[in-house]
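Chemist: Here you go, one structure.
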Amino acid sequence: MAENKLNLLQDFPAVSTEEWKEKIVTDLKGADFEKKLVWRTTEGFNVQPFYRQEDLNGMKTTDSAPGQYPFVRGTKDNNNWLVRQNICAKDAKAANQKALDLLTKGVESLGFHLNKQELSADYIAALLSGIPADKVSLNFKVCACKGVELIGLLTGYFRAQGYDLSQLKGSVEIDPINKMLTKGKPLTKEQVSQKVVAVVEANKALPHYRVLSVHSVSLNNAGAYCAQELGYALAWGNEYMQMLTEAGVDAATAGKAIEFKMGIGGNYFMEIAKFRAARMLWATIVRQYEPVCNCGSACQCEKVDGKYCPCAMKMYVSAQTSTFNKTVFDAYVNLLRTQTETMSASLAGVDEITVMPFDITYKESDDFSERIARNQQLLLKEEAHFNKVVDPAAGSYYLENLTANIAEQAWKLFLDIQEKGGMYEMVASEEVQKAMQQTQTQRLQDVARRKETLLGTNQFPNFTEKTEGKIQTSCGCHCGCGHHEEAGLMTLPAARAAEEFEVLRLATEASAHQPKAFMLTIGNLAMRLARAQFSCNFFACAGYQVIDNLGFDTVEAGVEAARKAGADIIVLCSSDDEYAELAPKAWELVQGKEIFVVAGAPACMEDLKAQGIENFIHVRVNVLEELKKYNQQLLK
């Protein structure tokens with residue numbers, strides 16, 4: 001039996017890449033390989049239909065090991081990440097009670113959004129009472145003007161509680177550039193530098209607290225592509241590094257003071273590649289500042305080039321699920337989105353993850369939605385054991401190439417920003433905001449045309465769903481953080497991808513009359529069923545009542561049935577070949593009493609238009625604009 005064992009290497013000859021491609025081209029039967037199978041991504045590079053081992057040749061990323069410079073495979077030799085949940089701390093005692101409860105439910109990192117108007121020693125004592133600061137990561141978000149004061153209050157509290165300050169971990173998320181981007185605060189470069197330098201100098205007693213944050217999650221929530229978010233994040237972090245070192249702060253201290261709060265989008269493999277590329281590129285940037293190790297004689301780190309501090313080059317990533325792709329309608333699909341986003345971030349080896357509750361698009365989250373958000377991470381840890389495997393993407397022909405490609409695109413953007421004066425100058429001149437507006441406009445157009453799919457919104461909506469008053473206009477958070485400051489600079493665009501479709505559907509829901517779209521299915525069985533399904537989904541995206549049918553023997557019977565059903569729209573669903581005869585007949589019978597629509601783009605479309613038929617729906621139309629047109633005609 002042993003002699004008859006199959007030997008794949010001997011019994012099957014090797015097949016070259018050229019032979020594989022030749023076979024594919026043959027199977028395409030004349031279709032263009034590049035147009036048919038090569039994917040031109042929105043990130044600015046091509047993705048091939050297949051990759052082989054030879055595509056890894058020359059890649060330095062494959063030589064890296066977990067926990068070793070340049071950290072493409074992670075900054076540590078394990079894949080444990082912290083489960084984080086944020087708390088609005090307007091009321092210190094209530095926030096403290098909630099935090100203590102969360103620590104019994106799997107949370108390992110607490111984020112407090114502080115009320116700057118109440119900031120005091122008593123406020124901090126009440127907020128942190130009973131919380132073991134040496135067992136959990138504590139993170140605080142406050143206005144940059146209160147950063148130094150907050151660090152002093154924390155240091156005093158921790159000392160009074162008898163903690164070894166060198167063992168405490170957490171962050172104070174000071175980020176004046178983010179305030180410029182999201183609030184339009186017109187800060188001078190000197191003001192930004194002063195705030196940045198001040199908090200780092202004030203933080204000497206808490207060596208493992210990162211006091212500067214790069215909130216590139218703001219860009220992600222505005223619709224940034226992976227490489228775009230990364231390129232700006234790198235320039236953002238470098239701006240802070242440059243400000244600190246120019247002020248006399250040593251490079252190692254500067255590098256250890258910065259954390260990156262990055263978003264997690266819905267492009268699963270791209271997001272894995274983004275985080276891998278991010279660590280590699282950030283390590284490369286910090287290396288150029290030559291950070292001499294300042295960890296003391298007990299430091300066991302393996303120095304980079306024999307003398308530079310690897311700890312300073314390790315990018316600390318606090319990842320948060322995006323809000324850009326979340327929806328109001330079919331909101332439970334948001335759970336699926338955040339789950340895949342959490343999977344990509346955890347597999348990519350980030351340091352901590354915040355899963356935003358599925359209902360944040362329309363209400364203040366409650367205990368149920370927050371519990372589900374926590375358990376999404378805990379499931380990956382406790383049941384799927386994602387924390388047991390370090391960088392499973394390593395060696396994947398596809399993912400290694402994605403990592404290299406995203407790194408290349410992000411690096412191009414980073415260098416372009418540096419040539420134009422750096423991140424501060426790009427924000428102060430509103431170039432970043434304008435670029436993000438262009439990106440968001442393009443993405444919204446892609447959603448409108450279904451080039452980008454949002455299930456339950458622009459594709460496969462829940463036909464019968466109603467909001468029934470579930471939307472709350474207020475977020476319920478009153479933290480005194482300047483949400484209503486008068487804007488000076490252009491801010492990042494704030495729209496979600498689904499909003500324009502939601503406006504359409506809400507208008508339908510608020511109307512005294514819900515339009516009915518009737519499918520007049522006739523002729524070729526396969527085509528009429530396919531086009532009826534397409535058309536039902538199309539009109540349901542605006543909240544219309546859709547009436548499907550198995551088929552009619554005659555156009556006359558179909559029109560009669562539509563009128564008995566009280567249809568506002570009659571959609572002819574048949575094959576291209578049959579439209580030349582059926583569409584004029586139906587059009588003559590309708591006589592403008594109902595809106596007449598042809599499902600498809602037949603070769604005879606121009607002839608049909610010449611006869612007065614105006615409405616055609618197919619895969620190339622702008623779904624949003626078409627539905628707006630019908631809303632204007634039908635809603636009362």
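The values are calculated or read from the model by the stated rules, or taken from the named source; none is laboratory data. No experiment lies behind these values; they were computed from the predicted model shown. Here Cβ is always computed from backbone atoms with ideal geometry, including for glycine, and neighbour counts include all displayed protein chains. Just the protein is used for accessible areas: all its heavy atoms, side chains included, with ligands, DNA and RNA removed. Shrake-Rupley method; radii C 1.70, N 1.55, O 1.52, S 1.80 Å.
Chemist: Those residues that are over 19 Å from the mean Cα position of the chain (by Cα) and in a helix (DSSP H, G or I), I need them from the range 381-404; list them, please.
Modeler: LYS381, GLU382, PHE386, ASN387, LYS388, TYR397, TYR398, GLU400, ASN401, ALA404 - these are the residues of the range 381-404 that are over 19 Å from the mean Cα position of the chain (by Cα) and in a helix (DSSP H, G or I).
Chemist: Mind checking whether some residue in the range 336-350 is among the aliphatic types (A, V, I, L, M) and surrounded by fewer than 16 Cβ atoms within 10 Å (Cβ to Cβ)?
Modeler: Yes, the conditions are met somewhere in the range 336-350.
Chemist: I'm told VAL333 meets every condition in (1) open to solvent by 30 Å² or more (accessible area, probe 1.4 Å); (2) modelled with pLDDT of 95 or more; (3) of a type outside the set (S, T, N, Q); (4) over 22 Å from ALA278 (Cα atoms) except one. Can you identify the failing condition by its number?
Modeler: (1)
Chemist: Next question. Looking only at the range 183-193, decide whether some residue is more than 27 Å from GLY248 (Cα to Cα), open to solvent by less than 70 Å² (accessible area, probe 1.4 Å) and not hydrophobic (A, V, I, L, M, F, W, C).
Modeler: yes
Chemist: Could you look through the range 355-375, keep only residues that are farther than 21 Å from VAL217 by Cβ and among the acidic types (Asp, Glu), and pick out the one that is least open to solvent (accessible area, probe 1.4 Å)?
Modeler: Only one residue tops the list, namely ASP366.
Chemist: Next up: Does SER213 satisfy being hydroxyl-bearing (Ser, Thr, Tyr), open to solvent by less than 40 Å² (accessible area, probe 1.4 Å) and touching a Leu at 6+ places or on another chain (Cβ under 8 Å)?
Modeler: no
Chemist: Residues of the range 65-89 being of a type outside the set (Gly, Ala, Ser) and either open to solvent by 60 Å² or more (accessible area, probe 1.4 Å) or more than 18 Å from ILE272 (Cβ to Cβ) (or both), which ones?
Modeler: GLN68, TYR69, ASP77, ASN78, ASN80, LEU82, VAL83, ARG84, GLN85, ASN86, ILE87, CYS88
Chemist: List the strands (runs of 3 or more DSSP E) that sit entirely inside the range 522-636 and contain at least 3 residues that are under 28 Å from GLN442 (Cβ atoms) and touching a residue at least 24 places away in the same chain (Cβ under 8 Å).
Modeler: none
Chemist: Right, something else. Residues that are open to solvent by 90 Å² or more (accessible area, probe 1.4 Å) and at pLDDT below 90: find the helices (runs of 4 or more DSSP H) completely inside the range 1-64 holding 2 or more of those.
Modeler: 8-11
Chemist: Right, something else. Check ALA247, ALA254 and return the single one that is modelled with pLDDT of 95 or more and crowded, with 24+ Cβ neighbours inside 10 Å.
Modeler: Selected residue: ALA254, the only one of ALA247, ALA254 that is modelled with pLDDT of 95 or more and crowded, with 24+ Cβ neighbours inside 10 Å.
Chemist: Would you confirm whether any residue within the range 119-142 is on the phi > 0 side of the Ramachandran plot and either open to solvent by less than 40 Å² (accessible area, probe 1.4 Å) or not small (Gly, Ala, Ser) (or both)?
Modeler: no
Chemist: Continuing with the same structure: Going by the structure shown, is GLU383 open to solvent by less than 60 Å² (accessible area, probe 1.4 Å), among the charged types (D, E, K, R) and out of contact with any helix residue (DSSP H, G or I) (no Cβ under 9 Å at 6 or more places or on another chain)?
Modeler: Here the answer is no, as GLU383 does not meet what is asked.
Chemist: Any residue in the range 133-140 that is of a type in the set (Gly, Ala, Ser), under 30 Å from ALA428 (Cα atoms) and in contact with a helix residue (DSSP H, G or I) (Cβ under 8 Å, 6 or more places away or on another chain)?
Modeler: no
Chemist: Scan the range 436-454 and give yes if some residue there is without any contact (Cβ under 8 Å) to a residue 40 or more places away in the chain and not in a helix (DSSP H, G or I), otherwise no.
Modeler: Yes, some residue in the range 436-454 is without any contact (Cβ under 8 Å) to a residue 40 or more places away in the chain and not in a helix (DSSP H, G or I).
Chemist: Here's something else I'd like to know. Could you count how many residues in the range 257-278 are of a type in the set (Val, Ile, Thr) and either touching a strand residue (DSSP E or B) at 6+ places or on another chain (Cβ under 8 Å) or modelled with pLDDT under 95 (or both)?
Modeler: 2
Chemist: Being open to solvent by less than 10 Å² (accessible area, probe 1.4 Å), within 17 Å of LYS169 (Cα to Cα) and not hydrophobic (A, V, I, L, M, F, W, C): is that true of GLY152 here?
Modeler: no
Chemist: Take the residues in the range 478-505 that are over 15 Å from THR441 (Cα atoms) and modelled with pLDDT of 95 or more; name whichever of them is surrounded by the fewest Cβ atoms within 10 Å (Cβ to Cβ).
Modeler: Filtering the range 478-505 for residues that are over 15 Å from THR441 (Cα atoms) and modelled with pLDDT of 95 or more, the one surrounded by the fewest Cβ atoms within 10 Å (Cβ to Cβ) comes out as VAL503.
Chemist: Next up: I need the full set of residues from the range 417-433 which are closer than 12 Å to GLU239 by Cβ and open to solvent by less than 50 Å² (accessible area, probe 1.4 Å), in order please.
Modeler: Residues satisfying the conditions are ILE417, GLY421, GLY422, MET423, TYR424, MET426, VAL427, ALA428, VAL432.
Chemist: Looking at the range 536-544, can you tell me whether even one residue there is surrounded by fewer than 18 Cβ atoms within 10 Å (Cβ to Cβ), in contact with a strand residue (DSSP E or B) (Cβ under 9 Å, 6 or more places away or on another chain) and either among the hydroxyl-bearing types (Ser, Thr, Tyr) or modelled with pLDDT of 95 or more (or both)?
Modeler: Within the range 536-544, one or more residues are surrounded by fewer than 18 Cβ atoms within 10 Å (Cβ to Cβ), in contact with a strand residue (DSSP E or B) (Cβ under 9 Å, 6 or more places away or on another chain) and either among the hydroxyl-bearing types (Ser, Thr, Tyr) or modelled with pLDDT of 95 or more (or both).
Chemist: Report, by residue number, each residue of the range 568-581 that is open to solvent by 10 Å² or more (accessible area, probe 1.4 Å) and within 21 Å of ALA530 (Cβ to Cβ).
Modeler: SER575, ASP576, ASP577, GLU578, ALA580, GLU581
Chemist: Identify all residues within the range 133-167 that are touching a Ser or Thr at 6+ places or on another chain (Cβ under 9 Å) and within 11 Å of LEU206 (Cβ to Cβ); write none if there are none.
Modeler: Scanning the range 133-167 gives LEU138, LEU165.
Chemist: Out of all the residues in the range 94-121, which are within 17 Å of LEU153 (Cα to Cα), in a helix (DSSP H, G or I) and either of a type in the set (S, T, N, Q) or out of contact with any Leu (no Cβ under 7 Å at 6 or more places or on another chain) (or both)?
Modeler: ASN96, LYS116, GLN117, GLU118, listed by residue number.
Chemist: A further question on this structure: Among the listed residues LEU378, LEU413, LEU402, which satisfies the condition of being surrounded by fewer than 19 Cβ atoms within 10 Å (Cβ to Cβ) and under 21 Å from GLY265 (Cα atoms)?
Modeler: Checking each option against the conditions leaves just LEU378.
Chemist: Which condition from (1) more than 26 Å from CYS311 (Cβ to Cβ); (2) of a type in the set (Gly, Ala, Ser); (3) surrounded by fewer than 20 Cβ atoms within 10 Å (Cβ to Cβ) is the one that ALA92 breaks?
Modeler: (3)
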